[in-house]
Amino acid sequence: MKKNESYQGFELGPIRPPSEAYSLLLRINRGCGWNKCRFCGFYRDTPFSPRSAEDVKKDIDRIKYWVDVFQGRAAASQPQTEGEQEACYMAYNWIQSGMQSVFFQDANSILMNPDEMIQVLEYLNQTFPSIRRITSYARSDTINRLGLERLTRYRELGLNRFHIGLETGNDYILKLMRKGVDKQTQIAAGIKAMAAGIEINEFYMPGMGGREYARASALDTADVMNQVNPDFIRIRSMALAENLEMYEDYESGLLTRPNDIETIQEIRLFIENLHGITSFVDSDHILNILLELKGRLPQDKDKMLATIDKFLDLPEDTRNIFRLGRRLGIMGDLRDLNNRQAVDKVKQTMERSGIDKSNIDAVCDRLMIRCIPI
């Protein structure tokens, strides 16, 4: 891993979690230090390279300059480079959101040298003392390599939430997808981070194990959550693009692609088996069929299961209208089935394009792939 010889200007990475939509994005490294997961294509063409603390601090300076401009404390200048335009837009949007949260990019930014990470955190807080939350993607194996004292120091400096791609708690699927960790590693990392006072957001990817391992994945993933009791459980339904390595498993017949109905049945089994925890469950990603599926455990568990059952109990034709409406962006939640204009628009699309129960699965699969930048 070789660091840049000179500062290249303000940088932005390609993705962030939906929950960080209003956060300041700061790029700590480029790409993913693991970059072997067969279900992910985000960083395949981005060689991993860490940025230095000095470069990140210069990015912070650029954001500070534009914040001062917009708040009337500095004279404005015209952005001359793409990076400077991004810093300008980022600062403006961050001001509109209240300047309280920051998200470190790209994947697993806690790979940064710990001493340099502390430099960045100290400088960030010195520059913007109003920040309340600093978050990062984090791999379980990296969390486990960092000492509890180091993690606690990060939290004291404001790095107080990790987004962890758990995906599944099933060891067979984890190995098949080349995740690089096993179930016990995931459990240990979650417990360790929470012991340091860091909030944990665990991502669960229903559908990853196909129809064959849906039940095992739901039960094993619920078991991980029950042992960790993360602050947040966020659902990320699988989208199967042809350029992903895991596509080979479906082409060869090793796995069978689940449809929306089977995926939501897996999610139901997962939620049904969450016991003794106080996590907040959220279905906040565009790939999920039921965006309204959210609530605090244990008090909202029955409500979430009832939401799922309401969808599963719909007549097949109505259910297909909703599925297509969601995938086309015409419908946001089940209440939109009462919107006659939206329903008619979906029906017209189905008639015009020849979509019916014989091909609805294939159509929805293609529409899901269009929603992700891979």
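Using the Cα atoms of the stretch 217-280 to build a convex hull, what is its mean projected area in square nanometres? Before the final figure, lay out each step's value.
Numbers: hull surface 20.1 nm².
Average projection, Cα convex hull of the stretch 217-280: 5.0 nm².
For the stretch 185-342, what is the per residue volume of the convex hull drawn over the alpha-carbon atoms, in cubic angstrom?
Details: hull volume 20.1 nm³, N = 158.
Once divided by residue count, the hull of the stretch 185-342 is 128 Å³.
Using a 1.4 Å probe on the protein heavy atoms, what percent of the accessible area of the chain belongs to carbon and sulfur?
So the carbon and sulfur contribution to the accessible surface is 46 percent.
With the crude spin-label approximation of a point 7 Å out along Cα→Cβ, what separation in nm comes out for His275 versus Gln8?
5.1
Give the lysines reachable from Lys347 as a straight Cα distance under 19 Å; neighbours fewer than 8 places away on the same chain don't count.
Hits, sequence-local ones excluded: Lys357.
With the dipole of the stretch 1-84 worked out from charges on the C-beta (+1 for Lys and Arg, -1 for Asp and Glu) around the Cα centre, which of Tyr7, Pro50, Trp66 lies farthest toward the positive end?
Comparing the listed Cα positions along the dipole, Pro50 ranks first.
Starting from 0 in steps of 5 Å, tell me what percent of the Cα-Cα pairs of the stretch 16-76 lands in each bin.
Computed distribution, short to long bins: 4, 15, 15, 17, 21, 12, 7, 5, 3, 1.
Unpartnered cysteines of the chain (Cβ-Cβ under 4.7 Å counts as a partner)?
Lacking a cysteine Cβ partner under 4.7 Å: Cys32, Cys88, Cys364, Cys371.
Sequence neighbours fewer than 8 away in the same chain don't count; with that in mind, list the aspartates and glutamates whose C-alpha is under 13 Å from Lys58.
Of all the aspartates and glutamates, those that pass the test against Lys58 - Cα under 13 Å, at least 8 places apart if same chain - are Glu11, Glu84.
Taking 8 Å as the Cα distance limit and 6 or more residues as the minimum spacing, I'd like the relative contact order of the chain as a percentage.
Relative CO of the chain lands at 13 percent.
Lysines near Lys179 by alpha-carbon distance under 24 Å, same-chain residues fewer than 8 away left out - which ones?
Lys36, Lys192
Considering the Cα positions of the stretch 164-224, please state its Rg to one decimal place and its Dmax as a whole number of Å.
11.5, 38
Counting other Cβ atoms within 10 Å of each Cβ, which trypsin sites (Lys or Arg not before Pro) in the stretch 33-79 have at most 10 and sit in a DSSP loop? Numbers along the way, then the final one.
Numbers: sites: Lys36, Arg38, Arg44, Arg51, Lys57, Lys58, Arg62, Lys64, Arg73; in loops: Lys36, Arg38, Arg44, Arg51, Arg73.
Sparse-neighbourhood loop trypsin sites (Lys or Arg not before Pro): Arg73.
For Leu328, Leu159, give the ranking by accessible area with the largest first, probe 1.4 Å. Don't jump to the answer; show the numbers that get you there.
Working: Leu328 70, Leu159 0 Å².
The most accessible residue leads, giving Leu328, Leu159.
What percent does the relative contact order of the stretch 164-268 come to when contacts are Cα pairs within less than 8 Å and at least six residues apart?
Numbers: 137 pairs, mean separation 33.3, N = 105.
Contact order relative to length: 32 percent.
Taking the solvent-accessible surface of protein heavy atoms with a 1.4 Å probe, what is the per residue accessible area of the stretch 1-81 in Å²?
Values: 4150 Å² over 81 residues.
Using a 1.4 Å probe on heavy atoms only, each residue of the stretch 1-81 averages 51 Å².
Got the relative contact order for the stretch 216-374 handy, in percent, Cα pairs under 8 Å and 6 or more residues apart? Can you show the working numbers first?
Values: 166 pairs, mean separation 37.7, N = 159.
After rounding, I find 24 percent.
Measure off 7 Å from each Cα along the Cα-to-Cβ vector at Leu219 and Glu292, then give the distance between these two points in nanometres to one decimal.
3.2
How big is the chain by Rg and Dmax over its Cα atoms, in Å?
21.8, 62
Sort out for me the Cα centre separation of the stretch 199-227 from the stretch 121-168, rounded to whole Å.
The stretch 199-227 and the stretch 121-168 have Cα centres separated by 24 Å.
Using alpha carbons only, what's the Rg to Rh ratio of the stretch 78-181 with Rh from Kirkwood? If you can, show how the numbers build up before the last one.
Values: Rg = 16.6 Å, Rh = 15.7 Å.
Reported Rg/Rh, Kirkwood definition of Rh: 1.05.
How many angstrom lie between the Cα centre of the stretch 299-313 and the Cα centre of the stretch 9-75?
38
Taking amide hydrogens as modeled 1.01 Å from N in the peptide plane, which residues meet the under 5 Å criterion relative to Asn160, leaving out close sequence neighbours?
Ile134
Taking the highest mean first, how do the peptides 165-178, 333-346 order by number of other beta carbon atoms within 10 angstrom per residue? All intermediate terms of the calculation are to be shown ahead of the outcome.
On the way: 165-178: 21.9, 333-346: 14.6.
In decreasing order of mean packing, 165-178, 333-346 become 165-178, 333-346.
Output the Cα-based Rg and Dmax of the stretch 52-137 in Å, rounding Rg to one decimal and Dmax to a whole number.
Gyration radius and largest Cα-Cα distance of the stretch 52-137: 13.1, 37 Å.
The values are calculated or read from the model by the stated rules, or taken from the named source; none is laboratory data. Keep in mind the model is a prediction, meaning the values are calculated, not measured. Cβ: placed from backbone, ideal geometry, glycine included. Neighbour counts: every protein chain shown. For the accessible areas, the whole protein counts, side chains as well, though only heavy atoms, and no ligand, DNA or RNA atoms are used. Shrake-Rupley method; radii C 1.70, N 1.55, O 1.52, S 1.80 Å.
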